[in-house]
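To start, the structure under review is shown below, and the notes come after it.
The values are calculated or read from the model by the stated rules, or taken from the named source; none is laboratory data. Everything numeric in this text was worked out from a predicted model, so none of it was measured. A quick note on method: Cβ atoms are made from the backbone with ideal geometry, for glycine too, and the neighbour counts reach across all protein chains shown.
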Amino acid sequence: MLQRHLQSNEIDLLLDDEVGFGVAQLRTHVDGCAECQERLEQAQVVTDALERLPHFTPKVGFADRVMAQVQVIEPWHVAVLDTARRFVPESRPLRALALAGAGVASLTISASAVWIAFSTNLTFQSASFVTGRLREALVQAGGQAAEAALGSGAAGAIRSSGLAALAAGALALVATVGAAAFGFRALATAARQRGS
């Protein structure tokens, strides 16, 4: 005999009149336990009430309407396979044609990628060439401006040292102009202080 009260699933076995290993022991326990017998009788009342309810058949399409409102999350790999299957033809000749088309498309894409890679390299080389020409033009223009302003010796120095010498010369010119402006301002301030 069991030394504990019956669990819900064991009461369900007795309600369904199951026969099998251990069911006889459950019936013996119910006969000797008032609490389990009361729980079994209450469960029997509920089961009988449910059996007396009229049985209804849902309208046609009820399950489809309910499932249309249920969100079913489909794994990404299943969605990809389903989409791919829609594009695969049913007949063998069309499958062979689709495979050939996919091969031509992949070959075209690969060739385009190689062409873009090499044309990008050519673009960089062209940009380097144009940048070099632009730098040479700037140095030559700076040399001509320096020759006109400072003489042929300064122009020769700029041409021989390149863009760095041009930048250094421009910086020296800006520093000289700044120092002169600062000096004139200091003289003007001193003159004002003497006059007042």
The listed residue being of a type in the set (Lys, Arg) and more than 50 Å from the chain's Cα centre (by Cα), out of Arg4, Arg86: Arg4
Pairs where the first residue, in the stretch 77-89, is on the phi < 0 side of the Ramachandran plot and the second is assigned to a helix (DSSP H, G or I) and not β-branched (Val, Ile, Thr), C-beta under 6 Å, 6+ apart: Pro89/Arg95; Pro89/Ala98
First in the stretch 9-21 and under 15 Å from Gln42 (Cβ atoms), second anywhere and in a helix (DSSP H, G or I) and β-branched (Val, Ile, Thr), Cβ under 8 Å, 6 or more apart: Leu14/Val23; Leu14/Val30; Leu15/Thr47
Conditions (1) surrounded by 10 or more Cβ atoms within 10 Å (Cβ to Cβ); (2) assigned by TED's automatic domain parsing to the domain that holds Asp12; number of the one not met by Arg65: (2)
Residues of the stretch 73-106 satisfying the condition of being of a type in the set (D, E, K, R), loosely packed, with under 10 Cβ neighbours inside 10 Å and in a helix (DSSP H, G or I): Arg85, Arg86, Arg92
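For every residue, the table says whether it meets (1) within 30 Å of Ser8 (Cα to Cα); (2) within 40 Å of the chain's Cα centre (by Cα).
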{"residue": "Glu41", "(1), (2)": "yes, no"}
{"residue": "Val45", "(1), (2)": "yes, no"}
{"residue": "Asp64", "(1), (2)": "no, yes"}
{"residue": "Gln69", "(1), (2)": "no, yes"}
{"residue": "Val139", "(1), (2)": "no, no"}
{"residue": "Ala145", "(1), (2)": "no, no"}
The stretch 36-62, subset in the same structural domain as Leu15 (by TED's automatic domain parsing) and of a type in the set (Gly, Ala, Ser), residue surrounded by the most Cβ atoms within 10 Å (Cβ to Cβ): Ala43
